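Please treat every number below as a calculation from the coordinates, not as lab data. Please read all numbers here as calculations on a predicted model, not as lab measurements. Cβ coordinates were reconstructed from backbone atoms using ideal geometry, including for glycine residues, and neighbour counts include every protein chain displayed.
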């Protein structure tokens, strides 16, 4: 059975392997799979189409792994600024900003707080956390990770 540290290390290796695969296929650069010297036939076009569908799905998993491995660069409590936006220390959190919040969502096995990933967004009236639209953000512990 893998220990926690071994599990984290294997996630790091997985990130490296996915990055190598994306570099080989050039998918992240071109949003399509690059196959050198591809002779277009019914079979090769099918393979390229399936690889692109696979890469699309893998990209989402890749960003989840990347988020997991990213270093925390700032942590503190959210405060509402005079302009209606939330701030973490000296960092203004505008729409689309990735953030992780520490709170108890009541869904876990144990009754403890845990980190939840999401974004800060705006609904035309106020800013909210995409991971829990009803969460009152003022004073919630938040952290920002190295840019994904």
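Prolate is the label for segment 28-89, because a/c, from the alpha-carbon gyration tensor with a ≥ b ≥ c as root eigenvalues, is 1.5 or above and a/b exceeds b/c.
Hey, could you grab the Kirkwood Rh for segment 72-145? Inverse mean 1/r over distinct alpha carbon pairs, Å, one decimal. Each step should come with its number before you reach the end.
Details: mean 1/r = 0.0804 Å⁻¹.
Computed over Cα pairs of segment 72-145, the Kirkwood hydrodynamic radius comes out at 12.4 Å.
Listed from fewest to most Cβ neighbours within 10 Å, the set 29, 121 follows the order 29, 121. A Gaussian network model of the chain, with springs between Cα atoms under 10 Å, assigns the largest mean-square fluctuation among 38, 74, 51 to 38. In the chain, the longest principal axis of the Cα atoms and the axis of helix 4-25 are about 50 degrees apart.
Rank 46, 128, 63 by mean-square fluctuation in a GNM of the chain with C-alpha springs under 10 angstrom and give only the top-ranked residue. Of 46, 128, 63, the Gaussian network model singles out 46 as fluctuating most. Taking the longest Cα principal axis of the chain as reference, the axis of helix 42-69 is set at about 30 degrees.
Each of 125, 44, 25 was scored by other Cβ atoms within 10 Å of its Cβ. Arranged with the fewest first, they read 125, 44, 25.
Put in order of Cβ neighbour count within 10 Å, fewest first, the listed residues 120, 35 become 35, 120.
What's the extension gain from residue 143 to residue 121 if we count 0.36 nm per residue and subtract their Cα-Cα distance? Each step should come with its number before you reach the end.
Details: separation 22, 0.36 × 22 = 7.92 nm, distance 1.60 nm.
Extra length from residue 143 to residue 121 when fully extended: 6.3 nm.
Gap in Å between the Cα centre of segment 74-144 and the Cα centre of segment 10-32? Distance between centres, Cα-based: 30 Å. Largest mean-square fluctuation among 39, 99, 109, in a Gaussian network model of the chain whose springs join Cα atoms under 10 Å apart, belongs to 109. For segment 108-148, the pair-distance distribution built from all alpha carbon pairs, in bins 10 Å wide starting at 0, is 22, 51, 24, 2 percent. Orientation-averaged projection of the chain equals 12.9 nm² [convex hull of Cα atoms, one quarter of hull surface area].
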